[in-house]
1. Each residue of the range 20-33 in order: what ³J(HN,Hα) in whole Hz does its phi give by Karplus 6.51 cos²θ - 1.76 cosθ + 1.60, θ = phi - 60°, with x for Gly and Pro?
2. What ³J(HN,Hα) values, in whole Hz, does the Karplus curve 6.51 cos²θ - 1.76 cosθ + 1.60 give for the range 54-71 when θ = phi - 60°, with x put for Gly and Pro?
3. Mean-square fluctuation check for the chain, GNM, Cα pairs under 10 Å: which of Gly85, Gly64, Gly77 is largest?
4. For the chain, report the accessible area per residue in Å² (1.4 Å probe, heavy atoms, rounded to an integer).
5. Between Arg48, Arg91, Arg19, which gets the highest mean-square fluctuation from a Gaussian network model of the chain, Cα cutoff 10 Å?
6. Sort out for me the Cα centre separation of the range 101-130 from the range 52-96, rounded to whole Å.
7. In degrees, nearest 10, range 0 to 90: what is the angle between the Cα axis of helix 39-48 and the longest Cα principal axis of the chain?
8. Please report, as a whole percent, how much of the solvent-accessible surface of the chain comes from carbon and sulfur atoms (probe radius 1.4 Å).
Amino acid sequence: MAVASTDRAVQAQPDLSPRRAAAMIALAWLPAIVAATSLPRFVPIFDRWHWELPPLTHALMSVGRLGFWPIVLLGVGLMALMAAGGAGWVRAGLPGRRAVVLAFAAAGPSSLVVCMAGTLGPILTAPVAR
């Protein structure tokens, strides 16, 4: 005999497909990749400054020195790896499918915040020349 759930929250949640999981992760990572492609533009600006830059900015500038296309290739590769991992987790039916997909997807906006903090932070807090 099958048991039917009467809980509305359980009934409202559609099944998570591997395709939907991969799309959620890929779309969440896309803004971070777009922001990372602007890093080579900031390298000459920060090289001309004569004061100490934060360690996060130094780390991002070493990524920016790679150039536009290597950053795009690495970002898309990382996004594809995360999307495939999340879709594989869902397809295998392992426990915590939604949590794993949301954790992989949340890493994208988190890296976007780190990228923005490392590039815009020193610009906004730069000492004013008198």
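1. Going residue by residue, I get 5, 5, 5, 5, 4, 5, 5, 5, 6, 7, 4, x, 5, 5 Hz, with x marking Gly and Pro.
2. x, x, 4, 5, 4, 5, 5, 5, 5, 5, x, 5, 5, x, 5, 5, x, 5
3. Looking only at Gly85, Gly64, Gly77, the biggest GNM fluctuation is shown by Gly77.
4. Details: 8720 Å² over 130 residues.
It amounts to 67 Å² per residue over the chain.
5. Arg48
6. 15
7. The helix 39-48 is inclined about 30 degrees to the chain.
8. Details: 6020 of 8720 Å².
Looking at the chain in its full context, I get 69 percent from C and S.
The values are calculated or read from the model by the stated rules, or taken from the named source; none is laboratory data. Remember, it's a predicted structure, so these values are computed and weren't measured experimentally. Please note that ligands, DNA and RNA were not included when accessible areas were found on the heavy atoms of the full protein model with its side chains. Shrake-Rupley method; radii C 1.70, N 1.55, O 1.52, S 1.80 Å.
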